[in-house]
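Here's the structure we're looking at; comments come further down.
Computed from the coordinates by the stated procedures, all read-outs in this text should not be read as laboratory data. Owing to the predicted nature of the structure, the values given are computational and were not obtained by experimental measurement. All Cβ positions, glycine included, derive from the backbone under ideal geometry; neighbour counts span all protein chains shown.
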Amino acid sequence: MSIFHAQQGRKPGQGWSALLFLSPTLLVFSMFVLFPVFFSFYLSFHKWNMFSADTAFVGLENYSRILRNPEFWGVLKNTVVYTLGTIPLNMSLALLVAFFLNKKIAGKKFLRTAFFAPVIMSSVAAAVIWRWVYEPNFGLLNYCLSWFGIPAINWLNDPTAAMFALIVMGVWKTFGVNMVLFSAGLQGIPDHYYEAAEIDGAGRWQKFWSITLPLLSPTTFFILVMSVIGSFQVFDTVYVLTSGGPLGTTKVLVFYLYEHAFKFFEMGYASAVAYVMFVIIFVLTLLQTKYLKGTIHYTA
Amino acid sequence: MAGDFHTKVLIKPGGVFLTILIIAGAGSLISGGCGKKQEEASGKVTLTFWHSCVSSTVPALNELIERFQKENPGIEIRAQYVPTGDALVQKLITAVQSKTSPDVSWIHADFLQDLVEADAIYRMDDLINGPDSLPRAELSDFYPALLRAAQWRGTLYCMPMEATGIGLLCNRELFRNAGLDPDRPPKTWAELRDYAKRLTLDRNGDGKNDQVGFFVPIFPASGPLYAWMVWQWYPFLFQAGGDVINAEQTHVLYNSDAAVQALTLWKNIYNDLDLKTFTIDYEVAFASKQLAMTLDGPWNIPRWNQIKGLDWYIAPLPEGPVKRATIVGGEYLAVFKQTQHVKEAWTFIKWVIRPEIQALWSMKSGYLPVRRAVHTIPEYTAYLENNKPLKAYVDQLDVAQAPSPMDYQGMKITVHIAEAVEKATLGRMDPKTVLDESAEKSDELLRTQVRK
């Protein structure tokens with residue numbers, strides 16, 4: 001509503017000065033966001049190696065090549081595995097930590113900062129550290145596991161372990177954001193609901209299931225949608241930790257896109273991959289909105 | 001309230017979608033990064049020169065450039081280091097697009113298809129036959145494998161600046177501990193496999209090897225080291241009498257019997273030593289004496305020299321079932337068409353390939369010379385006598401071979417080979433089957449994607 005009020009109240013000529021003030025941002029936005037969006041859409045129907053001045057129109061060939069390529073489906077599967085692996089772990093951990101940090105405990109602020117720290121860390125720097133944690137011969141993880149007599153695992157070069165290693169790092173890196181969101185959500189639940197429930201003799205679990213979870217559902221929904229988008233776009237940690245290996249078991253969609261764009265210089269094909277990815281994420285988000293909207297309870 | 005909080009932090013999902021799309025589009029917007037060449041007030045010509053020499057050799061390069069400038073007072077070289085080979089080709093592409101290319105660049109021969117098709121570089125032949133000509137006879141002094149790789153579809157487009165090769169790096173101490181003669185490296189494939197086993201030890205009996213005899217370089221085919229892996233496999237392919245592609249470049253040959261033999265050797269050693277659980281940071285492993293033998297290149301000589309208490313040497317690669325062979329690769333100089341100083345660029349290239357400069361560059365940097373005439377320089381032969389590791393690499397140049405040129409789709413074919421090597425070793429699949437599968441993909445590519 002506030003926007004409309006502002007528009008009704010404006011004086012003649014004000015629009016232009018607004019545009020003037022917005023122009024630096026608009027310029028940067030159009031150059032680095034808007035233009036690439038349309039240009040890559042255009043490219044997805046062309047063949048272009050970035051070098052040559054001319055692009056050849058190929059119609060839908062890039063798209064049909066993607067869908068016919070078994071590697072693409074393998075990559076999509078890897079992305080889904082990563083998404084299914086990270087999200088439940090990420091969200092339950094975030095909720096658990098947020099729940100306990102919402103209570104009056106000592107060192108609360110320190111703990112919250114500590115859990116949030118990985119989020120603001122450069123993901124490439126973090127991945128380089130994790131690479132050494134996972135290192136089979138000299139790494140910290142195998143060293144710790146050896147105390148319990150667990151044999152060394154080549155975390156990043158074993159086709160059965162690499163995706164798991166990526167998921168663990170992914171959860172570590174991103175659950176802090178969700179923890180903060182959940183904390184905010186928890187603080188937004190009015191105390192009188194709990195007081196009323198206590199008077200009615202509700203136990204701890206009952207309060208959690210019947211009050212906390214339902215009233216947290218807008219936050220949960222938001223986190224779920226954002227996490228699905230984020231997991232589908234995972235790239236930097238994959239690039240540094242495994243580069244899609246071993247045996248292609250951790251090759252995810254954006255890595256596949258990167259490979260075609262900047263290794264093989266097939267800009268058309270890579271742009272088409274970007275649009276296929278866009279459609280997948282878009283449809284997933286629509287489905288979530290459609291089917292989960294009904295389960296969301298908003299506070300009055 | 002929760003609702004208020006959301007309106008503040010909620011990023012429009014659309015914005016997030018858009019950001020991924022930039023990945024594909026932004027490439028064309030990345031600027032070349034390098035400023036336009038500036039003419040000095042003194043009338044000096046400034047040449048911009050991009051390179052990805054191994055970082056340990058950069059001081060030597062600076063020395064080389066200083067000497068060139070002293071001998072050619074009218075030319076100033078502005079060298080710009082680009083960290084890795086892959087970043088360099090990406091940077092060159094965007095620079096050519098935005099008309100900010102360097103005058104001269106150090107390139108890998110596998111960039112040639114892209115650079116030539118974009119009409120970005122001069123033909124070396126034009127410069128060789130040009131006003132400041134180079135006698136044809138001088139070219140015959142170069143190692144032929146290097147010149148062959150400098151050509152694209154039979155035309156010379158760049159000039160080798162330095163050569164590299166592969167040798168067998170051995171740790172004498174670990175040989176001695178295993179009861180082996182420390183100065184007798186394995187001479188055949190069978191010996192390599194046998195030595196590798198005998199040098200692999202599980203000291204504390206926990207079922208995991210604490211020392212590994214030989215490192216079979218298996219890296220992810222999708223990762224940055226795939227080409228390095230394939231490059232190290234080629235000598236074994238050559239030793240068994242194989243090659244990568246036929247001379248007409250119509251179909252690949254890397255699934256021949258020779259290739260199967262070479263890959264089987266790697267697979268056997270990989271399995272014998274249970275390398276699946278061993279680190280892929282072989283340099284760290286060798287430095288910490290957990291690795292007795294590994295393939296290595298001359299650029300690492302300074303690294304090993306720096307480590308105290310490491311008793312190492314470079315041996316020639318063992319002989320294969322058909323012949324002795326190793327691989328030679330080069331790094332090349334190309335002149336960009338956007339330059340205004342073709343004459344000066346050519347002066348620089350002609351200077352770099354002079355025998356005495358090649359000898360100097362090799363001594364300072366550890367790279368191998370590109371031509372035989374260096375051996376007529378007494379200073380260089382004396383230097384080699386005192387620097388056995390470099391001598392071992394230089395001596396091997398006589399049996400060094402390069403894969404047949406792949407003018408088209410070379411990078412993808414290399415990825416196909418890498419996939420087969422990774423599948424046969426780490427993936428425990430049958431070498432013949434995976435090589436056939438990959439070869440079929442490569443042949444399909446050659447049939448459909450090659451413009452003649």
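Please state, rounded to one decimal and in Å, the Kirkwood hydrodynamic radius that chain B gives when every pair of distinct Cα atoms enters the mean of 1/r.
About 24.0 Å, per the Kirkwood formula over Cα pairs.
Could you identify which residue out of A:Leu34, A:Leu156, A:Leu241 has the top mean-square fluctuation in a GNM of chain A using Cα springs shorter than 10 Å?
Looking only at A:Leu34, A:Leu156, A:Leu241, the largest GNM fluctuation is found for A:Leu34.
At a Förster radius of 56 Å, what calculated FRET efficiency corresponds to the Cβ-Cβ distance of A:Lys290 and B:Asn271, to the nearest 0.05?
It comes to 0.60.
By count of other Cβ within 10 Å, fewest leading, how are B:Ile307, A:Ile280, A:Ile223 ordered?
Fewest to most other Cβ atoms nearby, the residues stand as B:Ile307, A:Ile280, A:Ile223.
Among the aspartates and glutamates, which have Cα under 14 Å from the Cα of B:Lys441 when same-chain residues fewer than 8 positions away are ignored?
A:Glu71, B:Glu419
Want the number for A:Thr25 to A:Leu89: 0.36 nm per residue separation, take away the alpha-carbon distance, what's left?
Length difference between fully extended and current span is 19.2 nm.
Toward the positive end of the charge dipole of the range A:34-163, about the Cα centre and with charges on Cβ (Lys, Arg +1; Asp, Glu -1), which of A:Met50, A:Leu156, A:Thr83 goes farthest?
Towards the positive end, the residue furthest out is A:Thr83.
Normalise the Cα radius of gyration of the range B:338-399 by 2.2 N^0.38 Å (N = residues in it) and let me know the number.
1.30
Shape verdict for the range B:149-246, please, from the Cα gyration tensor: rounded (a/c under 1.5), prolate (a/b greater than b/c) or oblate.
Prolate, because a/c is 1.5 or more and a/b exceeds b/c.
If one computes the Cα centroid of the range B:332-399 and of the range B:214-273, what distance in Å separates the two points?
After rounding, the separation between the Cα centres reads 29 Å.
Would you order B:Ser222, A:Ser52 from fewest to most other beta-carbon atoms within 10 Å of each residue's own beta-carbon?
So the residues, fewest neighbours to most, are A:Ser52, B:Ser222.
For chain A, calculate the relative contact order in percent as a whole number, restricting contacts to Cα pairs under 8 Å that are 6 or more residues apart.
Answer for chain A is 28 percent.
Counting only the backbone N, which residues of the range B:133-150 are under 15 Å from the spot 7 Å out from the Cα of B:Arg372 toward its beta-carbon?
Flagged as within label range: B:137-147.
Order these by the 10 Å Cβ neighbour count, fewest first: B:Lys423, B:Lys289.
Going from sparsest to densest Cβ surroundings: B:Lys289, B:Lys423.
Expressed in nm to one decimal, what extension gain is obtained for the pair A:Ala196 and A:Leu60 from 0.36 nm per residue of sequence separation less their Cα-Cα distance?
My answer for the length gained is 42.8 nm.
Could you list, in their original order, any pairs among A:Lys77/A:Lys173; A:Lys251/B:Lys289; B:Lys323/B:Lys391; B:Lys70/B:Lys343 whose Cα atoms are separated by more than 25 Å?
A:Lys251/B:Lys289
So if each residue of separation counts as 0.36 nm, and I subtract the Cα-Cα distance between B:Leu445 and B:Lys99, what length gain in nm does that give?
121.4 nm
Could you work out, for the range B:293-452, what percent of all Cα-Cα pairs fall into each 5 Å distance bin, beginning at 0 Å and stopping at the bin that holds the largest distance?
In whole percents, the pair-distance histogram is 1, 7, 11, 13, 14, 15, 13, 11, 9, 5, 1, 0.
Under 8 Å for C-alpha pairs, at least 6 residues apart: give me the relative contact order for the range A:131-248, rounded to a whole percent.
30 percent
Contact order normalised by length for the range B:142-208, with contacts defined as Cα pairs under 8 Å and 6 or more residues apart; what percent is it?
Computed over the range B:142-208, the figure is 17 percent.
Would you kindly compute the Cα radius of gyration of the range A:60-295 and its largest Cα-Cα separation (Dmax), both in Å?
When restricted to the Cα atoms of the range A:60-295, Rg and Dmax are 20.8, 67 Å.
If you take every DSSP beta bridge fully contained in the protein assembly as shown, what fraction is antiparallel? Give it as a percent rounded to 5.
Taking every DSSP beta bridge with both residues in the protein assembly as shown, the antiparallel ones total about 65 percent.
Please give the Cα centre distance for the range B:53-100 versus the range A:232-277, rounded to the nearest Å.
Centre-to-centre (Cα) distance: 30 Å.
By what distance, in whole Å, do the Cα atoms of the protein assembly as shown stretch along each of the three principal axes, largest value first?
98, 76, 49
Gaussian network model of chain A, Cα springs within a sub-10 Å range: biggest mean-square fluctuation belongs to which of A:Tyr256, A:Tyr134, A:Tyr143?
Comparing A:Tyr256, A:Tyr134, A:Tyr143 in a Gaussian network model of chain A, the most mobile one is A:Tyr143.
Treating cross-link reach as a plain straight distance, find the lysines whose alpha-carbon is under 25 Å from the alpha-carbon of A:Lys104, omitting any fewer than eight places away in the same chain.
Here the lysines satisfying the reach criterion relative to A:Lys104 are A:Lys207.
Under the rule of -39500 (n - 2.57) per DSSP H run of 4 or more residues, summed and divided by the residues of the protein assembly as shown, what mean residue ellipticity at 222 nm is obtained, to the nearest 500 deg cm²/dmol?
The helix-only estimate for the protein assembly as shown comes to -16500 deg cm²/dmol at 222 nm.
Taking a ≥ b ≥ c as the square roots of the Cα gyration tensor eigenvalues, with a/c under 1.5 meaning rounded and otherwise prolate when a/b beats b/c, else oblate, which class fits the range B:217-334?
Prolate is the answer for the range B:217-334, as a/c is 1.5 or above and a/b outweighs b/c.
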